[in-house]
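K.L.:
Before I ask anything, let me first share the structure, which is written out below as structure tokens.
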Amino acid sequence: MEKLYFDVELPLCRVLADMERSGFLVDGGALARFGADLSDTIRQLEERIYAAAGQQFNINSPKQLGKVLFEDLGLPHGKKTKTGWSTNADVLEKLKDQPLVADVLTYRQYAKLKSTYVDGLLKTVGADGRIHTVYKQTETRTGRISSTEPNLQNIPVRTELGRNMRKFFVAREGCVLLDADYSQIELRLLANLSGDRQMQEAFLSGADIHAATAAQVFGMPREMVTPEMRSAAKAVNFGILYGMGAFSLSQDIHVSVRQANQYIQNYMAQFPSVGAFMEKTVDTARINGYVTTYFQRRRPVPELLASNKMVQAAGKRIAMNTPIQGTAADIIKLAMIYVYRRLQSDVPDAKLILQVHDELIVEVPEQHALQAGKVLGEEMQNVIRNTLSPEEQEKFPVPLTADVSMGESWY
């Protein structure tokens, strides 16, 4: 792994140190006001919940909440555990047509946002008004970079309310933020590394990969693919990447296990090289005791030899996913090094300030934004060309693409 160490990890130290020093500007006043609005909503929800329950109790206590829902109000779907009634999300989701339960779910969402994100982030704003996260290079098993104190990689994006958090991360006076993220990097890598012609064709023709997969899996012309079929195919695409079995897939897309199994079989029949690639990866990992990324990062998988079947299955998923997710992680790291170096030479007043999985954020004075955006897009898209020999580049017919956007805030 010498090459990985000297060409990727060591040069990256300087990039990450500089990013930690730069930090990300936060509009603390607006964030505090948002927190106050959340507190008001939380108070209103509390009052509504108490009124519907006919009593005051600690909403955050699973024990008290369980008693109110399943004993006092006699709601269905109650599940007893050693410590009392279960009130976790999947139990409450089944009851969300009950106004009280809907309010409890919303209350939890707002309370989590307020405590973890608003209060948590306000505590970490430095004297310069910026948040200086700490990047860890050796924390994750797949080789991805992680971020702590605070973790800026888990700022919520799944809900509109959570996405609002990004509005408080802003560019300093006279600057803008550029954000570039790789489009479907893991699926593109799967197409390249497995050498699957069908999947490569779908990408190279510029098709919507999930719609193309749906057409293959459901055996129909692309024009007839419905949004539901596309989202099922999307779940299958990502499920295959993570070594997901029929049971987990069925839970994800709300179909029977038999149906989910059929989807996976159809997928493997349509993209035969993908299945062969996954099998070969698992077999090699079993023999070697480890799995590698394209850039030779190793991850031991002792789980494959475990006697416990559950542990073995987990090992299989790790072996299938690591070459794809780990290679993507290596590529992002290389992209950061190339972007950093080229910005230093071409646009020295532009700063790389954040990395979140497949996305990079740069802060740059407005007058140099277009030039910096060009550097960001080019360097991210040309990683393979800048790193590999011409012979090796031929193994990557599907190009990496990065979309660059610009704004006053991360939102």
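The values are calculated or read from the model by the stated rules, or taken from the named source; none is laboratory data. Please read these numbers as outputs of a predicted model, since none were measured by experiment. Here Cβ is always computed from backbone atoms with ideal geometry, including for glycine, and neighbour counts include all displayed protein chains. Areas reflect the complete protein model, heavy atoms only, side chains present, ligands, DNA and RNA absent. Shrake-Rupley method; radii C 1.70, N 1.55, O 1.52, S 1.80 Å.
Residues checked against (1) more than 22 Å from the chain's Cα centre (by Cα); (2) within 17 Å of LEU187 (Cα to Cα); (3) touching a residue at least 12 places away in the same chain (Cβ under 8 Å):
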position	(1), (2), (3)
ASP283	yes, no, no
GLY289	yes, no, yes
ALA313	yes, no, yes
ALA328	no, yes, yes
MET336	no, no, yes
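K.L.:
Among PHE238, PHE247, which is under 25 Å from VAL282 (Cβ atoms), surrounded by fewer than 20 Cβ atoms within 10 Å (Cβ to Cβ) and under 21 Å from the mean Cα position of the chain (by Cα)? Step through it out loud before you land on a result.
P.N.:
Working: PHE247 fails: under 21 Å from the mean Cα position of the chain (by Cα).
When all the criteria are applied, what remains is PHE238.
K.L.:
Could you please give the count of residues in region 150-175 that are part of a loop (DSSP other than H, G, I, E, B) and either of a type in the set (Gly, Ala, Ser) or over 19 Å from the mean Cα position of the chain (by Cα) (or both)?
P.N.:
Going through region 150-175, the residues part of a loop (DSSP other than H, G, I, E, B) turn out to be 150-151, 155-159, 171-174.
Now drop any that are not either of a type in the set (Gly, Ala, Ser) or over 19 Å from the mean Cα position of the chain (by Cα) (or both), which leaves 171-174.
Total meeting the criteria: 4.
K.L.:
Tell me, which helices (runs of 4 or more DSSP H) lie completely within region 365-411 with 1 or more residues that are closer than 13 Å to CYS175 by Cα?
P.N.:
Working: elements: 369-381, 383-387, 390-393.
The helices (runs of 4 or more DSSP H) meeting that bar are 369-381.
K.L.:
Would you mind finding the one in ALA51, ALA17, ALA32, ALA36 that is under 21 Å from ILE145 (Cβ atoms), aliphatic (A, V, I, L, M) and open to solvent by 30 Å² or more (accessible area, probe 1.4 Å)?
P.N.:
ALA17
K.L.:
Taking into account only those residues within region 339-362 that are touching a helix residue (DSSP H, G or I) at 6+ places or on another chain (Cβ under 7 Å) and among the basic types (Lys, Arg), which is surrounded by the fewest Cβ atoms within 10 Å (Cβ to Cβ)? I'd like the intermediate steps shown before the answer.
P.N.:
First, pick out the residues of region 339-362 that are touching a helix residue (DSSP H, G or I) at 6+ places or on another chain (Cβ under 7 Å): 339-340, 342-343, 346-347, 349-358, 360, 362.
Those left that are additionally among the basic types (Lys, Arg): 342, 351.
Numbers: ARG342: 17, LYS351: 21.
Across region 339-362, the extreme among qualifying residues is ARG342.
K.L.:
Filter region 80-95 for residues that are aliphatic (A, V, I, L, M) and under 11 Å from GLY66 (Cα atoms) and give the result. Walk me through it before giving the result.
P.N.:
We begin by selecting, within region 80-95, every residue aliphatic (A, V, I, L, M); these are 89, 91-92, 95.
Correct list: VAL91, LEU92.
K.L.:
Also: Tell me yes or no: at least one residue of region 368-389 is touching a residue at least 40 places away in the same chain (Cβ under 8 Å), aliphatic (A, V, I, L, M), open to solvent by 20 Å² or more (accessible area, probe 1.4 Å) and under 25 Å from LYS167 (Cβ atoms).
P.N.:
no
K.L.:
State all residues of region 176-199 that are over 15 Å from LEU376 (Cβ atoms), more than 23 Å from the chain's Cα centre (by Cα) and open to solvent by less than 10 Å² (accessible area, probe 1.4 Å); if no residue qualifies, say none.
P.N.:
ASP196
K.L.:
Does at least one position in region 204-225 carry a residue that is charged (D, E, K, R) and either in contact with a strand residue (DSSP E or B) (Cβ under 6 Å, 6 or more places away or on another chain) or open to solvent by less than 70 Å² (accessible area, probe 1.4 Å) (or both)?
P.N.:
Within region 204-225, the first condition is being charged (D, E, K, R), and the residues that meet it are 208, 222-223.
Keeping just the survivors that are either in contact with a strand residue (DSSP E or B) (Cβ under 6 Å, 6 or more places away or on another chain) or open to solvent by less than 70 Å² (accessible area, probe 1.4 Å) (or both) gives 208.
Yes: region 204-225 contains one or more residues that are charged (D, E, K, R) and either in contact with a strand residue (DSSP E or B) (Cβ under 6 Å, 6 or more places away or on another chain) or open to solvent by less than 70 Å² (accessible area, probe 1.4 Å) (or both).
K.L.:
For residues in region 72-95 being hydroxyl-bearing (Ser, Thr, Tyr) and crowded, with 16+ Cβ neighbours inside 10 Å, which is farthest from the chain's Cα centre (by Cα)?
P.N.:
Residues of region 72-95 hydroxyl-bearing (Ser, Thr, Tyr): 81, 83, 86-87.
Those left that are additionally crowded, with 16+ Cβ neighbours inside 10 Å: 86-87.
Values: SER86: 28, THR87: 26 Å.
Among those that are hydroxyl-bearing (Ser, Thr, Tyr) and crowded, with 16+ Cβ neighbours inside 10 Å, it is SER86.
K.L.:
SER231: closer than 24 Å to VAL157 by Cα and open to solvent by 40 Å² or more (accessible area, probe 1.4 Å), yes or no? Can you show your working first?
P.N.:
Details: closer than 24 Å to VAL157 by Cα: yes; open to solvent by 40 Å² or more (accessible area, probe 1.4 Å): yes.
So SER231 fits the description; yes.
K.L.:
Now a separate question. Are any residues in region 129-148 surrounded by 13 or more Cβ atoms within 10 Å (Cβ to Cβ), assigned to a loop (DSSP other than H, G, I, E, B) and more than 16 Å from the chain's Cα centre (by Cα), and if so, which ones?
P.N.:
GLY129, HIS132, THR133, GLN137, listed by residue number.
K.L.:
Do the conditions hold for ARG317, that is, is it of a type in the set (D, E, K, R) and within 21 Å of ASP196 (Cα to Cα)?
P.N.:
On the way: of a type in the set (D, E, K, R): yes; within 21 Å of ASP196 (Cα to Cα): yes.
When the stated conditions are applied, ARG317 passes them.
K.L.:
Would you confirm whether any residue within region 100-107 is of a type outside the set (A, V, I, L, M) and either under 30 Å from ALA127 (Cα atoms) or without any contact (Cβ under 8 Å) to a residue 24 or more places away in the chain (or both)?
P.N.:
Here is the first cut: in region 100-107, the residues of a type outside the set (A, V, I, L, M) are 103, 106-107.
So of that shortlist, the ones also either under 30 Å from ALA127 (Cα atoms) or without any contact (Cβ under 8 Å) to a residue 24 or more places away in the chain (or both) come out as none.
No: region 100-107 contains no residue that is of a type outside the set (A, V, I, L, M) and either under 30 Å from ALA127 (Cα atoms) or without any contact (Cβ under 8 Å) to a residue 24 or more places away in the chain (or both).
K.L.:
Quick one: how many residues across region 279-329 are under 17 Å from GLY143 (Cα atoms), assigned to a loop (DSSP other than H, G, I, E, B) and hydrophobic (A, V, I, L, M, F, W, C)?
P.N.:
Count: 2.
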